[in-house]
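The values are calculated or read from the model by the stated rules, or taken from the named source; none is laboratory data. From a predicted model like this one, the values you see are computed outputs, not experimental measurements. Quick reminder, even Gly has a Cβ in these numbers, built from the backbone with ideal geometry, and neighbours come from all protein chains shown. Just so you know, the surface numbers come from the protein's heavy atoms only, side chains and all, with ligands and any DNA or RNA stripped out. Shrake-Rupley method; radii C 1.70, N 1.55, O 1.52, S 1.80 Å.
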Amino acid sequence: MSLDGFIADANHGFDWIMIDPEIDFEELSSQFDTYLIGRKTFEVVGGAEAQRPGDRHYVFSNSLKQSEHKDVSIIGEDWLEVVRALRTESGKDIWLFGGGRLFGSLCNEGLVDTVEVSVIPILLGGGVPLVTGLSRQVNLILKEQKVYEKTGTALLSYEVDRASFTSDD
């Protein structure tokens, strides 16, 4: 995200994101076998063509039709049941790839365990926020931080503090 909290610019573009040569994206991706993707992110990054073979991709949308996207699973109104079911399955971790509104919805339901954010040293002044629709406070515990000197990118890794969720939630 940008230093002022946006994951895409006002036109949903991401060409401002600097890819640090020290980040090993293959190693990072090897931790996951399931990806949750917001509709806008799915469309901006090139749809099914941007997928890693062998991984499962779930696109959350109330407007896309499954019949038009055979290489991904389109998830609509039953999204909560789908995510809960995915979390019970064995396998690698699940990664939310884009989708500030999806991120907010998952946080509201207590379905986020870890938040990892790379902070890019740029101020956009507007765009798509990291999280929208959050209706609760979610406390985070810093687990790791790293600054990449070449680009000034800061990687922050947090664990969701489950104590911030009460039994009434």
Please pick out the residue among R84, R101 that is within 18 Å of G5 (Cα to Cα), among the basic types (K, R) and modelled with pLDDT of 90 or more. R101
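Here's the yes/no breakdown for (1) under 17 Å from I120 (Cβ atoms); (2) under 16 Å from the mean Cα position of the chain (by Cα); (3) not polar (S, T, N, Q); (4) not in a loop (DSSP other than H, G, I, E, B):
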position	(1), (2), (3), (4)
F14	yes, yes, yes, no
M18	yes, no, yes, no
E22	yes, no, yes, no
Y35	no, yes, yes, yes
T41	yes, yes, no, yes
Y58	no, yes, yes, yes
S63	no, no, no, no
So the check is Cβ under 6 Å with 6+ separation or different chains; which pairs have a first residue in region 102-118 that's closer than 23 Å to I19 by Cβ and a second one that's open to solvent by 30 Å² or more (accessible area, probe 1.4 Å) and among the acidic types (D, E)? T114/E159
Considering only residues that are of a type in the set (G, A, S) and either touching a residue at least 60 places away in the same chain (Cβ under 8 Å) or open to solvent by 30 Å² or more (accessible area, probe 1.4 Å) (or both), look in region 60-91 and name the one that is farthest from N11 (Cα to Cα). S90
Which one is surrounded by the fewest Cβ atoms within 10 Å (Cβ to Cβ), of the residues in region 33-59 that are aliphatic (A, V, I, L, M) and modelled with pLDDT under 85? A48
How about region 144-161: which of its residues are in contact (Cβ under 8 Å) with a residue 24 or more places away in the chain and on the phi < 0 side of the Ramachandran plot? Y148, K150, T151, T153, A154, L155, L156, S157, Y158, E159, V160
Looking at region 101-127, which of the residues that are of a type in the set (G, A, S) and open to solvent by 30 Å² or more (accessible area, probe 1.4 Å) is farthest from G76 (Cα to Cα)? G125
With (1) in contact with a strand residue (DSSP E or B) (Cβ under 8 Å, 6 or more places away or on another chain); (2) open to solvent by 30 Å² or more (accessible area, probe 1.4 Å) as the list, and P21 as the residue in question, which single condition is left unmet? (1)
Within region 77-97, can one find any residue that is part of a strand (DSSP E or B) and more than 25 Å from L156 (Cβ to Cβ)? no
So Y158 fits all but one of (1) at pLDDT 95 or above; (2) surrounded by fewer than 12 Cβ atoms within 10 Å (Cβ to Cβ); (3) outside any helix (DSSP H, G or I); what number is the exception? (2)
Of (1) open to solvent by less than 70 Å² (accessible area, probe 1.4 Å); (2) of a type outside the set (G, A, S); (3) more than 30 Å from K150 (Cα to Cα), I7 fails just (3)
